[in-house]
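First up is the structure itself, then whatever we jot down about it.
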Amino acid sequence: MSSALSFEVFPPNTQIGTEKLFKTLKELQQLEPDFISVTCSNNRQTIEETTLKVADYIHRKLKVPTIAHLPAAYLSQSQLAELVKRLDQIGINQILALRGDILPDLPPKKDFVYASDLIQYVKREAPHLHISGACYPESHPESLNRIEDIKQLKHKVAVGCEQLITQLFFDNDLFYQFQESCYLADIKVPILAGIMPIVNRNQALRLIKTTNTKLPRKFLAILEKYEHDPVALREAGLAYAIDQIVDLTTQDVSGIHLYTMNNAEVAKHIYHNTKNVLNGQWKAG
Ligand code: FAD
């Protein structure tokens with residue numbers, strides 16, 4: 001059984017950054033991903049120039065299946081309808097339906113309180129769109145407990161989410177436990193595993209500061225030992241991600257979603273070191 005490989009990119013804020021990303025995307029295209037997804041800040045003013053511009057390039061110019069992320073907490077129904085119209089004009093028919101993060105000093109709108117509200121709306125008003133949703137192997141930070149989180153996830157799927165993509169994680173066992181909980185809760189849609197290769201110290205420090213993701217002993221040892229050796233840290237970080245992917249693939253994960261951080265070299269390294277594992281079609285007997 002083969003596993004899908006997809007990439008995630010984020011739109012830069014500057015024109016120069018966008019042009020650089022377009023070059024990166026051309027390199028990612030060569031790796032024939034199942035899709036590329038484009039993140040979206042929940043600041044709607046810039047979405048035309050950021051997410052939609054990049055998604056348009058991937059879909060129309062590179063002809064790679066594209067998923068546009070759509071955080072909706074700060075959108076009204078009419079703004080959402082406008083965005084769906086723009087996606088239709090471009091020809092994109094896949095979205096990642098999100099609530100998005102709530103900014104401490106800006107109250108959200110009331111039309112889409114949770115991602116499931118957005119999913120219900122899209123299912124009703126734009127049923128041609130394929131809908132993915134976010135999920136959290138270590139639970140969403142706001143949820144009361146794991147059971148409550150799985151209950152809400154089940155609702156998300158029941159109202160029309162057709163595929164789930166996980167938050168990044170570094171401990172595969174936590175992913176397997178989460179997968180099992182989903183199975184027991186009768187959540188049967190494909191769950192793509194979000195993997196972020198750690199390739200430099202700043203990225204690692206940022207992660208430690210901002211994430212509630214468990215960092216296993218083996219992972220922390222890499223950061224500690226190679227803290228002042230960027231070349232070794234990069235090599236060890238890539239090896240760690242590859243090891244995670246090999247393990248997930250042997251357990252028949254539905255797909256690997258690589259958080260590329262817009263770095264084509266990293267994606268290429270991972271691809272070339274896992275492509276036979278991901279595409280393994282060989283069967284005994
Ligand atoms: P929801 O599914 O709405 O869940 C949010 C919280 O509410 C959870 O605790 C959940 O358990 C709870 N909940 C859900 N439904 C209900 C209900 N009916 N009643 C009570 N509680 C409920 N953010 C961005 O801004 N832009 C991006 O591009 C982006 N891309 C992402 C991609 C992936 C793969 C992932 C995993 C996350 C991404 N995020 C992005 C981050 C995401 O927006 C935040 O984690 C956000 O805080 C939650 O969004 P959600 O869609 O998961 O919310």
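What follows is calculated from the coordinates using simple rules that are stated; it is not laboratory data. Everything quoted here is computed from the prediction, not taken from an experiment. In this analysis, Cβ positions are derived from the backbone assuming ideal geometry, glycine residues included, and neighbour counts consider all displayed protein chains.
With n ≥ 4 as the cut-off for DSSP H runs, can you work out [θ] at 222 nm for the chain, using -39500 (n - 2.57) per run divided by the number of residues, rounded to the nearest 500? Numbers along the way, then the final one.
On the way: 10 runs with 125 residues, N = 285.
For the chain, the value works out to -14000 deg cm²/dmol.
Cross-link reach is defined here as a Cα-Cα straight distance under 16 Å, omitting same-chain residues fewer than 8 places apart; for Lys225 the aspartates and glutamates meeting it are Glu235. Legend: helices of the chain (whole DSSP H runs) are marked when their alpha-carbon atoms reach 27 angstrom or more along the helix axis and their mean Kyte-Doolittle hydropathy is at least 0.0; marked are 230-250.
Listed by Cβ neighbour count within 10 Å, with the fewest neighbours leading, Ser139, Ser2, Ser78, Ser37 appear as Ser78, Ser2, Ser139, Ser37. The packing ranking, built from the mean of other Cβ atoms within 10 Å per residue, places the peptides 266-272, 117-123, 227-233 in the order 117-123, 266-272, 227-233, highest first. The charge dipole of the range 4-279, taken about the Cα centre with unit charges on the Cβ atoms of Lys, Arg (+1) and Asp, Glu (-1), comes to about 420 debye, rounded to the nearest 20. Within a straight-line Cα-Cα reach of under 28 Å, Lys218 can be paired with the following lysines, leaving aside sequence neighbours fewer than 8 residues apart in one chain: Lys209, Lys268, Lys275. If you add up the charges near Tyr183, with Lys and Arg at +1 and Asp and Glu at -1, over every other residue whose beta carbon is less than 14 angstrom from its beta carbon, what do you get? Within the 14 Å Cβ shell, the charges total -1. Towards the positive end of the charge dipole of the chain, with charges on Cβ (+1 Lys, Arg; -1 Asp, Glu), say which of Ile58, Gln177, Ala97 has the farthest Cα. After comparing all options, I get Ile58.
Our summary gives the chain a relative contact order of 21 percent, counting only alpha carbon pairs under 8 angstrom and 6 or more residues apart. With the Cα gyration tensor of the chain giving a ≥ b ≥ c as the square roots of its eigenvalues, does the rule (a/c under 1.5 for rounded; else a/b larger than b/c for prolate; else oblate) give rounded, prolate or oblate? Cα axes put the chain in the rounded bin. Determine the shape class of the range 13-65: with a ≥ b ≥ c the square roots of the Cα gyration tensor eigenvalues, call it rounded for a/c under 1.5, and otherwise prolate if a/b is greater than b/c, oblate otherwise. Prolate, since a/c reaches 1.5 and a/b exceeds b/c. Overall form of the range 34-150: prolate. Here a/c, set by the Cα gyration tensor axes a ≥ b ≥ c, is 1.5 or more, and a/b is the larger of a/b and b/c. By the count of neighbouring beta-carbon atoms within 10 Å, fewest first, Val113, Val84 end up ordered Val113, Val84. All other residues whose Cβ lies under 10 angstrom from that of Leu129 are scored, Lys and Arg at +1 and Asp and Glu at -1, for a net of -2.
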